[in-house]
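For reference, the structure discussed in these notes is given below.
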Amino acid sequence: VNGATVQDTFPTMLSCSWTCTASAGGSCPASGSGHINHTVNLPVNGSATYTANCAISQAATGSINNTASVTTTMADPVPGNNTATDTTALQADAIFVSNFE
């Protein structure tokens, strides 16, 4: 695949930095911050792995929905696997201290 576009628009409650590691002759940007919207090139058996590290706003409530996708102009024999969504419920952390003086 030459010129595939990887996109991940992070929800506004997240502040993210990311890295990309390509293997077997693949190529992608090494790192960045904010949303992902890049072109990757992957030869047969090549891959590109994005890893995002995000800080969550203290004002965030409910859940975080995040969707990443890959698009290309090349023929795709399995187009149904080009998008993935993750939903994570947020929960407040509570600190309980007994015998606090």
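The values are calculated or read from the model by the stated rules, or taken from the named source; none is laboratory data. What you see is a predicted model; the values in this text were computed from it and never measured. For neighbour counting, all protein chains shown are included, and Cβ atoms are generated from backbone atoms with ideal geometry for every residue, glycine included. Just so you know, the surface numbers come from the protein's heavy atoms only, side chains and all, with ligands and any DNA or RNA stripped out. Shrake-Rupley method; radii C 1.70, N 1.55, O 1.52, S 1.80 Å.
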| request: Filter region 33-52 down to the residues that are out of contact with any Asp or Glu (no Cβ under 8 Å at 6 or more places or on another chain) and part of a loop (DSSP other than H, G, I, E, B), then identify the one that is surrounded by the most Cβ atoms within 10 Å (Cβ to Cβ). | output: Leu42
| said: I'd like the full set of residues that are open to solvent by 50 Å² or more (accessible area, probe 1.4 Å), closer than 29 Å to Gly26 by Cβ and part of a loop (DSSP other than H, G, I, E, B), limited to region 73-93. | reply: Thr73, Met74, Ala75, Asp76, Pro77, Val78
| Residue count, region 1-32 (criterion: of a type in the set (Gly, Ala, Ser), part of a strand (DSSP E or B) and exposed (fewer than 13 other Cβ atoms within 10 Å of the Cβ)) | 3
| said: If I go through region 58-72 residue by residue, how many of them are touching a residue at least 40 places away in the same chain (Cβ under 8 Å) and either surrounded by fewer than 10 Cβ atoms within 10 Å (Cβ to Cβ) or over 17 Å from the mean Cα position of the chain (by Cα) (or both)? | reply: 3
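Out of Asn41, Asn45, Asn81, I need the residue that is of a type in the set (S, T, N, Q) and touching a strand residue (DSSP E or B) at 6+ places or on another chain (Cβ under 6 Å). Which one?
Asn41
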| remark: Ala55 vs (1) of a type in the set (A, V, I, L, M); (2) open to solvent by less than 50 Å² (accessible area, probe 1.4 Å); (3) closer than 20 Å to Gln91 by Cα; (4) in contact with a Ser or Thr (Cβ under 8 Å, 6 or more places away or on another chain): all pass except (2)
